[in-house]
Amino acid sequence: MIGIGRARARTGNAVFPTGCHSLVKFQRGLESMYYIGIDLGTSAVKLLLMDGEGNIRNMVSREYPISFPHPTWAEQEPEDWWTQTKEGLDDLLSGIDRKLVAGISFGGQMHGLVILDQEDAVIRPAILWNDSRTAEETDYLNEKIGRDFLSRHTGNIAFTGFTAPKILWLKAHEPGHFARIRKIMLPKDYLAYRMTGVYATDFSDASGTLLLDVQGRTWSKEMLAICGVTEDMLPGLYRSCDCIGSLTAQAAEELGLPCEVKVAAGAGDNAAAAVATGTVAEGGCNLSIGTSGTLLIASDHFRVDADNALHSFCDAGDKYHLMGCMLSAASCNQWWMEKILSERDYARAQSRIDERGLGRNQVFFLPYLMGERSPLNDPYARACFLGMTMDTGREELTQAVMEGVAFACRDMLEVARGQGIVINRSRLVGGGARSSLWQKILANVLGIELELPETEEGPSLGAAILAAVACGAYADLNEAVRALVRVKKTIAPDPVLTQRYQERYEKFSKLYPALREVFRALAE
């Protein structure tokens, strides 16, 4: 078992929140119950079992394919999500008394477009968050409809990954599919539907559709009209820890669980990860170096930066967060290591880098392998190395890739600083966070302390915590994270190295503006 702090679980009878379809009382203490967190990721579904004392009892991962029918396109079959979730749950609960499972919740890849017909059948493969086919639709929304209009009605502008441009693309390029739509869903919400029969989403995930009035927490009638859809085509809106229902008889049979298991709405993956790292109070910051790179800053108040470079989203509770997302982070390193160098031992490759050369590398890497989202909002941006000479070797290029990702994270942080937000430290998670070299680079490029949580399971752990809150084990998210989240290590920046990286960052920040029109010309 992996301890994450002893939960102050209540004993005796506990009543579910009124968000449940029925009120259920446990005859056992909640400390004896189990909570399942499901992280529906881009390449795999990760399942986590947490007991009532906050211990992680088991973790399972099941992969599924992703297809790229055309350059910059990315699609998946929702049925693969369901199949792998079912199989993963069976392994997750091996040796566990399934009658003690109290609740399930989700963290999920955001922005994906899932469409169902009149028979609740999936019409076409889901278009994913990292799909950039919607450049024309994004330009239409930002330039013709107008950034001011979008920001006023949704709190955000259009990005190629968002759901609304996908709907417009579908309407223009696949009108037959568009005409069949009865329900529009987000990826994790499809799993919730298969479990409960309820069409539901939460405010954090809905914030990334460009269909939600984020400040007002309602679907935007103006945006629905622009996209040609109606509110009854969209799921109901819930808080992340609200119980949307219990398992249907069919789902209970397929999953091997009691019908009484409650299902909470869950959250977008980044909002769920913020719960897992305790980033739920004003000024809290969380940096994730995964397939994508995400900077999330918690706020008690709704905020919008002047250029909408950061997303203004609802969080997993009743507040908000600013979020920046770069499309390629640890995936840049994976591309470089595996596809270019044919190297799978990342640690060995990084061990060859002389740390005395940090902040002195003359090679720069722009990490825009899939275009870029925050803060550039440019689907035409491309990755490239600059500054190579005859002396350049693979170590300098490997270091440049890691530094390029860190510099792009700094770009997002500078937007928040431009709003007067003071960030002195951040939690650090994701696959890239496991590299001690990358930890050091990031701390010094950003110039802040980085804290590593004891448990790095991210959205799956956050989802399990949401399930526990939904089932009454905690009064709210604040109480839950105070009881469960701990820091195991802090990486402090070195003033000398921070200054060296400041000088390098100033040069890095000039590269994209100089190449922006070149990237567009290449795309044409």
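Would you kindly calculate the translational diffusion coefficient of the range 63-182, applying Stokes-Einstein with the Kirkwood radius from alpha carbon pairs, for 10 °C and a viscosity of 1.306 mPa s, and quote it in µm² s⁻¹ without decimals? Kindly include the intermediate steps, with their values, before the conclusion.
Values: Rh = 16.6 Å.
The calculation lands on 96 µm²/s.
Compute the Rg/Rh shape ratio of the range 150-263: radius of gyration over Kirkwood radius, all on alpha-carbon atoms. Working shown, then result.
Working: Rg = 15.5 Å, Rh = 15.1 Å.
Computed over Cα atoms, the ratio is 1.02.
Might you tell me the accessible area per residue for the range 288-370, computed with a 1.4 Å probe and given in Å²?
Numbers: 3280 Å² over 83 residues.
Value returned for the range 288-370: 39 Å² of accessible area per residue.
Dipole of the chain, Cα-centred, from +1 at each Lys and Arg C-beta and -1 at each Asp and Glu C-beta, to the nearest 20 debye?
860
In the range 325-464, what % of DSSP beta bridges are antiparallel (nearest 5)?
Values: 4 of 8 bridges.
Antiparallel bridges: around 50 percent, rounded to the nearest 5.
With N set to the number of residues, divide the alpha-carbon radius of gyration of the chain by 2.2 N^0.38 Å and report two decimals. Don't skip to the answer; put the middle values down first.
Values: Rg = 22.3 Å, N = 524, 2.2 N^0.38 = 23.8 Å.
Taking the Cα Rg and dividing by 2.2 N^0.38 Å, one obtains 0.94.
Leaving out ligands, DNA and RNA but keeping every protein chain, what accessible area does Ile145 have, in Å² rounded to the nearest 10, with a 1.4 Å probe?
50
Hey, how many Å between the Cα centroid of the range 459-524 and the Cα centroid of the range 322-401?
Centre-to-centre distance over Cα atoms comes out at 17 Å.
Considering only protein heavy atoms and a 1.4 Å probe, what is the carbon-and-sulfur percentage of the accessible area of the chain? Please list the in-between numbers first.
Values: 9510 of 19880 Å².
Percent of accessible area from carbon and sulfur atoms in the chain: 48.
Using the per-residue mean of other Cβ atoms lying within 10 Å as a proxy for protection, in what order, highest first, do the peptides 475-482, 284-291, 331-338, 252-259 fall? Could the numbers behind the result be given before it?
Numbers: 475-482: 17.2, 284-291: 25.8, 331-338: 20.1, 252-259: 15.5.
Order by mean packing, descending: 284-291, 331-338, 475-482, 252-259.
Compute the acute angle (0 to 90°) between the alpha-carbon long axis of helix 394-418 and the principal axis of greatest extent of the alpha-carbon atoms of the chain; round to the nearest 10°.
70
For a quick check of understanding: with a 1.4 angstrom probe and all protein chains in place, what accessible area in square angstrom does His301 have, to the nearest ten?
120
Quick check for you: with a 1.4 Å probe and neighbouring chains kept, what is the accessible area per residue of the range 396-519, in Å²?
Working: 4460 Å² over 124 residues.
Accessible area per residue, the range 396-519: 36 Å².
Which of the lysines could be linked to Lys489 by a straight reach, that is with a Cα gap under 17 Å, when you skip same-chain ones fewer than 8 residues away?
Filter leaves Lys440.
Which one of Leu49, Leu168, Ile226 is farthest out on the positive end of the charge dipole of the chain, using unit charges on Cβ (Lys, Arg +1; Asp, Glu -1) and the Cα centre as origin?
Leu49
So if each residue of separation counts as 0.36 nm, and I subtract the Cα-Cα distance between Val518 and His173, what length gain in nm does that give? Numbers along the way, then the final one.
Values: separation 345, 0.36 × 345 = 124.20 nm, distance 2.80 nm.
Gain in length upon complete extension: 121.4 nm.
Summing Lys, Arg as +1 and Asp, Glu as -1, what charge do residues with Cβ under 12 Å from the Cβ of Ala443 carry, Ala443 excluded? Before the final figure, lay out the partial values.
Details: positive: Arg410, Arg425, Lys440, Lys489; negative: Glu449, Glu451, Asp494.
Within the 12 Å Cβ shell, the charges total +1.
So how far apart, in nm, are the two label points at Arg182 and Glu222 if each is 7 Å from Cα heading toward Cβ?
Distance between the two pseudo-spin positions: 3.3 nm.
Can you send over the solvent-accessible area of Glu143, 1.4 Å probe, protein chains only, in Å² to the nearest 10?
120
With the cut-off at 1.5 for a/c, could you classify the range 282-390 from its C-alpha gyration tensor as rounded, prolate or oblate?
On the way: a/c = 2.31, a/b = 1.95, b/c = 1.19.
Taking the square roots of the gyration eigenvalues as a ≥ b ≥ c, the range 282-390 is prolate.
Which lysines does Lys262 reach when only Cα atoms under 25 Å apart count, and residues fewer than 8 places away in its own chain are ignored?
The reachable lysines, counting only those whose Cα sits under 25 Å from Lys262, are Lys25, Lys46, Lys86, Lys99, Lys183, Lys188, Lys319.
The values are calculated or read from the model by the stated rules, or taken from the named source; none is laboratory data. Given the structure is predicted, the values throughout are model-derived calculations rather than measurements. Glycine gets a Cβ as well: all are built from the backbone with ideal geometry, and neighbour counts include every protein chain shown. The accessibility values were calculated without ligands, DNA or RNA, using every heavy atom of the protein model including side chains. Shrake-Rupley method; radii C 1.70, N 1.55, O 1.52, S 1.80 Å.
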